[in-house]
1. Within the set of pairs 6 or more residues apart or between chains, which connect a residue that is under 16 Å from PRO68 (Cα atoms) inside the stretch 103-118 to a residue that is of a type in the set (Val, Ile, Thr) and surrounded by 13 or more Cβ atoms within 10 Å (Cβ to Cβ) with Cβ atoms less than 8 Å apart?
2. For ALA62, only one of the following conditions fails: (1) of a type outside the set (S, T, N, Q); (2) modelled with pLDDT of 90 or more; (3) closer than 22 Å to ALA3 by Cβ; (4) touching an Asp or Glu at 6+ places or on another chain (Cβ under 9 Å). What is its number?
3. In the stretch 1-11, how many are without any contact (Cβ under 8 Å) to a residue 60 or more places away in the chain and either in contact with a strand residue (DSSP E or B) (Cβ under 6 Å, 6 or more places away or on another chain) or of a type in the set (Val, Ile, Thr) (or both)?
4. Do any residues in the stretch 13-30 that are free of Cβ contacts under 8 Å to residues at least 12 places away in the same chain and under 13 Å from THR46 (Cα atoms) have Cβ atoms under 8 Å from those of residues that are aliphatic (A, V, I, L, M) and surrounded by 18 or more Cβ atoms within 10 Å (Cβ to Cβ), where the two are at least six apart or on different chains, and which pairs are they?
5. Check every one of the helices (runs of 4 or more DSSP H) wholly within the stretch 76-130 and list those with 1 or more residues that are among the acidic types (Asp, Glu), at pLDDT 90 or above and within 21 Å of LEU8 (Cβ to Cβ).
6. Which condition number in (1) surrounded by 20 or more Cβ atoms within 10 Å (Cβ to Cβ); (2) at pLDDT 90 or above; (3) out of contact with any Ser or Thr (no Cβ under 8 Å at 6 or more places or on another chain) is the one that VAL38 fails?
Amino acid sequence: MSAFTTPLIVSPCSNGRDWLLKKSFTYHIGSKFSRHYVRVPKGFKTDFASVPRIFFFLPDWATYSKAPVLHDWLFRSKQITGKPITRKRADDIFLEAMLVDWRNHRSRYFVAHMEYWAVRIAGWLAWRGK
């Protein structure tokens with residue numbers, strides 16, 4: 001199973017919307033000891049999950065977790081350890097990371113797949129915009 005190997009430590013920004021990473025964190029793709037990993041750097045700003053208001057019912061653990069921060073970083077950097085990635089690859093890593101991050105929640109599969117399909121359908125706007 002994949003793994004986040006470091007904690008998520010953030011602080012709110014003054015705009016009331018964004019959060020600043022106080023410490024970098026790492027996600028290993030595919031398995032805990034994989035040589036393929038993503039490191040989100042200290043100082044990165046995130047808005048966590050940019051969820052439209054119609055999805056107000058999503059639980060806080062789905063919004064304020066590591067997976068949306070990881071996905072934000074992949075969308076901004078468009079690379080993993082210096083190698084370019086596709087939007088599909090970023091979204092697939094997001095799905096994998098959600099299932100890892102939320103492994104203790106009963107509705108993780110439903111919520112993860114709903115968020116995955118939301119970014120697959122509408123994520124091209126953010127991908128092209130940054």
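The values are calculated or read from the model by the stated rules, or taken from the named source; none is laboratory data. Note that this is a predicted model, so its numbers are computed, not measured. Every residue, glycine as well, gets a Cβ built from its backbone with ideal geometry; the counts of neighbours run over all protein chains shown.
1. The qualifying pairs are GLU115/VAL51; ALA118/VAL51.
2. In the conditions (1) of a type outside the set (S, T, N, Q); (2) modelled with pLDDT of 90 or more; (3) closer than 22 Å to ALA3 by Cβ; (4) touching an Asp or Glu at 6+ places or on another chain (Cβ under 9 Å), ALA62 misses (2) alone.
3. Result for the stretch 1-11: 5.
4. Going by the 8 Å Cβ cut-off, there are no qualifying pairs.
5. Output list reads 87-101.
6. (3)
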